Structure formats: structure tokens, C-alpha cells
Amino acid sequence: MRKLLFCAAAALILATGAASAAGGPKAPAQTWSFDGIFGTYDRASLRRGLQVYLEVCASCHSLRLVAYRALGSVGYSGDEIKALAATFEVQDGPNSEGEMFARPALPSDRFVSPYANEMEARSVNNGAFPPDLSLITKARKGGPDYTHALLTGYKEEAPAGFKIGEDMHYNEYFPGHQIAMPAPLVEDGVEYPDGTKATVEQLSKDVVLFLAWAAQPELEERKQLGISVMLFLIVLTAMFYALKRQIWADVH
């Protein structure tokens, strides 16, 4: 029952919340490794974030725009990607007999969705459809900050005088402050192989960083290209300026 509540509420939180949170409390600004023109994705945090997604989020939420092979840019080797993909099954076919069949996922496949279709997802989650997380951090301005605030904004008790609905939970940053989803992240809910302490803050930082990468895996390449273009333009401008001075030297 708890899982059903989690999945159903997650659909409301990430879909409705992303659209309506503009009217809610402002999420505290966080410092992200990818901020700024020289920012990059923290590879260790990305790997931890993938682990959080697989162990906590993937049972309800898809990542259908991301292929397993994209994890190469996270730091995974080809063998690691093949092994991870092979733990999931995808439907393929038809075969020579015209029948569909299941096979282990390949690196070229997209992340396998937890449900066969939208109707199955709604049936399992009391009519709610858990949204795909591929672009969730781009759903609104300040998406990473808001997602982090939402995951860490739970309070055990509502403030005095605040009436909380039955089976609802108080969240400081969700519009209206009450949501049906219990806190999805708990301390030590995930065991990190690198020994990092799995606090709620750390879990949230890692999974949000991973989702930010999923939404913009090409971010680092774009920044590198932008820097190269700016350096080229600066050098080109200097050359044109020097040429102009040389051409008009006799006139002046």
C-alpha cells in the first residue's frame, strides 16, 4: 500500500508540482557542479545518483529518453553498461514465427520502463500516471533546486494550526504544503559502494544531479564548444584590429 501511495503521489508531485510550484515557496538555491560556464558533472555523484534512481525511483518512473549506452559519459565502461542493461528485459520481434519475444536489454536500448503502457501504470497507481523523469529538471525554471527542495522538505509534523489531511504529509516546498507521497528518501536507504554517507541531503543531491544529466547529457560538450567559439572570436577580433591599424596606418 505504501508503494502505491508513493507511485501515485509522485505522479502528482512531479507533474502537477512542476507546473504549479511557481506559486509556492521559493526553493533554496543550491550549488551544483554543473553551474557556470566551466561547470561539469561530478562523475562520482552521477554514479551514486544512478544508483538512487535504480533502487528508489525506477520501480515507478521511466527514463525513456535515455539509452543505457549514454552512461559511457558518466564513467561506465562498455562491460559495465552491458551488464547493467542485461538485468532488464525488453520486448522485441516479431521473430521468424511472427511472435513477439522478450530479450535482455542492450546498451542501445532506452531505459526500460516499469510498466508496459500508460493504462497499466494508471491501473497500478490508483489512476495516477507516474511521469517520465527524462526531462523533469527542465520542467520549470530552477528545476534542480525545486526537485532537491521537494525531496528534502518533509517535516514529521505540520506547524501548529496547520490542518493536514488524512494520509497526507507536510512538505515545506510543495504548493499547499501537503502531499500524499511519504518521504521517498530515508537516511541509509541506499548503501553507497564508495562509502559515502547516505544522508537524505546526499541522496537528494546525487539523484537530482543524475536527473539533471539525464535532461542535458550534452551540457559539457555545449560549454566546451561555446568556450572554443568565444576564444576564436577573441583571437579573430584581435587579428582584424591589428589588420585595420596596419591598413590605415598611412592615412593617420
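The values are calculated or read from the model by the stated rules, or taken from the named source; none is laboratory data. Predicted model only: the values in this text are computed from it and were never measured. Don't worry about glycine lacking a Cβ; one is built from the backbone with ideal geometry, like all the others, and counts go over all protein chains shown.
Out of curiosity, is LEU50 surrounded by fewer than 19 Cβ atoms within 10 Å (Cβ to Cβ), under 13 Å from the mean Cα position of the chain (by Cα) and either assigned by TED's automatic domain parsing to the domain that holds GLY195 or in a helix (DSSP H, G or I) (or both)? Considered against the rule, which asks whether it is surrounded by fewer than 19 Cβ atoms within 10 Å (Cβ to Cβ), under 13 Å from the mean Cα position of the chain (by Cα) and either assigned by TED's automatic domain parsing to the domain that holds GLY195 or in a helix (DSSP H, G or I) (or both), LEU50 comes out as no. Flag not set for ARG64, criterion: at pLDDT 50 or above, in a helix (DSSP H, G or I) and surrounded by 13 or more Cβ atoms within 10 Å (Cβ to Cβ).
Checking LEU185, LEU203 one by one, the residue that is of a type in the set (A, V, I, L, M, F, W, C), closer than 22 Å to ASP35 by Cβ and within 16 Å of the chain's Cα centre (by Cα) is LEU203 and no other. Against the conditions (1) out of contact with any Ser or Thr (no Cβ under 7 Å at 6 or more places or on another chain); (2) under 26 Å from PRO184 (Cβ atoms), ILE37 satisfies every one except (2).
For ALA86, which of the numbered conditions (1) free of Cβ contacts under 8 Å to residues at least 24 places away in the same chain; (2) touching a Leu at 6+ places or on another chain (Cβ under 9 Å); (3) within 19 Å of LEU209 (Cβ to Cβ) fails to hold? Here ALA86 clears every test but (3). Looking at the stretch 129-165, which of the residues that are without any contact (Cβ under 8 Å) to a residue 60 or more places away in the chain and in a helix (DSSP H, G or I) is nearest to the chain's Cα centre (by Cα)? Applying the filter and picking the extreme gives LEU151. You will find that of LYS197, LYS205, the residue that is of a type in the set (Lys, Arg) and surrounded by 22 or more Cβ atoms within 10 Å (Cβ to Cβ) is LYS205 and no other.
Among the residues in the stretch 182-200, are any of a type outside the set (Phe, Trp, Tyr), modelled with pLDDT of 95 or more, within 30 Å of ALA70 (Cα to Cα) and assigned to a helix (DSSP H, G or I)? So far as the stretch 182-200 goes, yes, one or more of its residues are of a type outside the set (Phe, Trp, Tyr), modelled with pLDDT of 95 or more, within 30 Å of ALA70 (Cα to Cα) and assigned to a helix (DSSP H, G or I).
Among residues of the stretch 32-56 that are more than 28 Å from VAL229 (Cβ to Cβ), those with a beta-carbon under 6 Å from a residue that is surrounded by fewer than 18 Cβ atoms within 10 Å (Cβ to Cβ) and at pLDDT 95 or above at least six positions away or on a different chain give the pairs ARG48/TYR192.
Checked against (1) under 30 Å from PHE174 (Cα atoms); (2) over 15 Å from the mean Cα position of the chain (by Cα), PRO107 passes all but a single condition, namely (1). Among residues of the stretch 24-44 being in a loop (DSSP other than H, G, I, E, B) and over 20 Å from LYS141 (Cα atoms), the one that is modelled with the highest pLDDT is ASP42.
Residues checked against (1) modelled with pLDDT under 95; (2) under 18 Å from the mean Cα position of the chain (by Cα); (3) in a loop (DSSP other than H, G, I, E, B); (4) surrounded by 17 or more Cβ atoms within 10 Å (Cβ to Cβ):
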{"residue": "ALA10", "(1), (2), (3), (4)": "yes, yes, no, yes"}
{"residue": "LEU14", "(1), (2), (3), (4)": "yes, yes, no, yes"}
{"residue": "GLY17", "(1), (2), (3), (4)": "yes, yes, no, yes"}
{"residue": "ALA22", "(1), (2), (3), (4)": "yes, no, no, no"}
{"residue": "LEU46", "(1), (2), (3), (4)": "no, yes, no, yes"}
{"residue": "SER59", "(1), (2), (3), (4)": "yes, yes, yes, no"}
{"residue": "TYR76", "(1), (2), (3), (4)": "yes, yes, yes, yes"}
{"residue": "LYS82", "(1), (2), (3), (4)": "no, no, no, no"}
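Scan the stretch 91-118 for residues that are among the aliphatic types (A, V, I, L, M) and either part of a strand (DSSP E or B) or crowded, with 19+ Cβ neighbours inside 10 Å (or both) and the total you get is 2. Please work out if ALA121 is assigned to a loop (DSSP other than H, G, I, E, B), in the same structural domain as ASP35 (by TED's automatic domain parsing) and over 25 Å from ALA198 (Cβ atoms). The answer is no for ALA121.
Residues of the stretch 144-182 that are among the small types (Gly, Ala, Ser) and within 22 Å of PRO131 (Cα to Cα): ALA149, GLY153, GLY176, ALA180.
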